[in-house]
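A short worksheet on the structure shown next.
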Amino acid sequence: MQYPEPIARLIASYMNLPGIGQKTATRLAFHTIDMKDEVVNEFAKSLLSVKRDLTFCSVCGNITEEDPCNICSDTTRDRSTILVVEEPKDVMALEKMREYRGLYHVLHGVLSPMEGTGPEDINIPSLIQRLHNDEVTEVILATNATTEGEATAMYLSRLIKPAGIKVTRLAHGLSVGSDIEYADEVTLLKAVEGRREL
Ligand SMILES: [Zn+2]
């Protein structure tokens with residue numbers, strides 16, 4: 001039996017989400033039918049809003065409602081340090097510990113020869129540009145401890161060190177393959193405090 005068109009479309013939409021297969025998508029779609037009108041309206045509005053009201057900071061690449069973002073435009077932050085992460089959600093995780101007062105740079109990915117992702121495909125050129133312009137003395141590489149995260153850190157280290165800028169890597173309080181977004185605040189704080197020079 002074919003699902004009615006609206007249900008089929010909703011199932012297909014849910015299947016675009018990471019980790020959602022046909023079975024879960026079908027369950028979610030039928031659950032949506034049972035939801036109250038106002039709840040579904042709110043859900044639809046929030047989906048549209050994240051695309052319409054959010055943009056990427058033209059300086060650091062973080063998601064923001066205003067450009068530049070409130071971290072880049074905060075004059076009380078230490079502009080001599082840039083902490084490099086893979087995704088905006090890593091910034092959220094690091095900001096939660098309230099200890100780091102420098103700036104960020106979001107790569108939006110990692111180098112991956114297997115998937116054909118080179119330096120120009122992620123926010124590396126804009127990082128290099130910032131190092132030319134700003135008074136940066138240290139770059140902290142906080143890509144994840146995966147094979148690609150490590151390779152990206154090594155690549156950036158080789159690129160940045162000749163400019164006379166100190167390059168550090170988060171301490172391995174984070175276990176191999178673990179993501180910054182899932183680390184608790186104490187572990188993150190230790191990883192930042194125990195960072196080692198590359
Ligand atoms: Zn920014």
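Conditions (1) at pLDDT below 95; (2) polar (S, T, N, Q); (3) within 29 Å of Asp184 (Cα to Cα), marked per residue:
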{"position": "His132", "(1), (2), (3)": "yes, no, no"}
{"position": "Thr143", "(1), (2), (3)": "yes, yes, yes"}
{"position": "Thr146", "(1), (2), (3)": "yes, yes, yes"}
{"position": "Glu150", "(1), (2), (3)": "yes, no, yes"}
{"position": "Met154", "(1), (2), (3)": "yes, no, yes"}
{"position": "Ala171", "(1), (2), (3)": "yes, no, yes"}
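Going by what's in this entry, would Val39 be described as hydrophobic (A, V, I, L, M, F, W, C) and over 18 Å from the mean Cα position of the chain (by Cα)? First the steps, then the outcome.
Details: hydrophobic (A, V, I, L, M, F, W, C): yes; over 18 Å from the mean Cα position of the chain (by Cα): yes.
Yes, satisfied.
Taking Ala29 as meeting all but one of (1) at pLDDT 95 or above; (2) in a loop (DSSP other than H, G, I, E, B), write down the number of the exception.
Result: Ala29 fails condition (2) only.
I need a count of the residues in segment 48-80 that are farther than 19 Å from His108 by Cβ, within 14 Å of the ligand (Cβ to nearest atom) and among the β-branched types (Val, Ile, Thr).
Total meeting the criteria: 1.
Read through the list (1) part of a helix (DSSP H, G or I); (2) loosely packed, with under 11 Cβ neighbours inside 10 Å, then give the number of the only condition that Ile7 fails.
(2)
Can you tell me which condition Asp90 does not meet? The list is (1) in a loop (DSSP other than H, G, I, E, B); (2) within 18 Å of Glu193 (Cα to Cα); (3) in contact with a strand residue (DSSP E or B) (Cβ under 8 Å, 6 or more places away or on another chain); (4) of a type outside the set (A, V, I, L, M, F, W, C), and all the others hold.
Answer for Asp90: the failing condition is (1).
Given Glu150, Glu115, Glu86, Glu120, which one is in contact (Cβ under 8 Å) with a residue 24 or more places away in the chain and more than 15 Å from the ligand (Cβ to nearest atom)?
Details: Glu150 fails: in contact (Cβ under 8 Å) with a residue 24 or more places away in the chain; Glu115 fails: in contact (Cβ under 8 Å) with a residue 24 or more places away in the chain; Glu120 fails: in contact (Cβ under 8 Å) with a residue 24 or more places away in the chain.
The conditions single out Glu86.
The values are calculated or read from the model by the stated rules, or taken from the named source; none is laboratory data. As the structure is a prediction and not an experimental result, all values here were calculated from the model. Every residue, glycine as well, gets a Cβ built from its backbone with ideal geometry; the counts of neighbours run over all protein chains shown.
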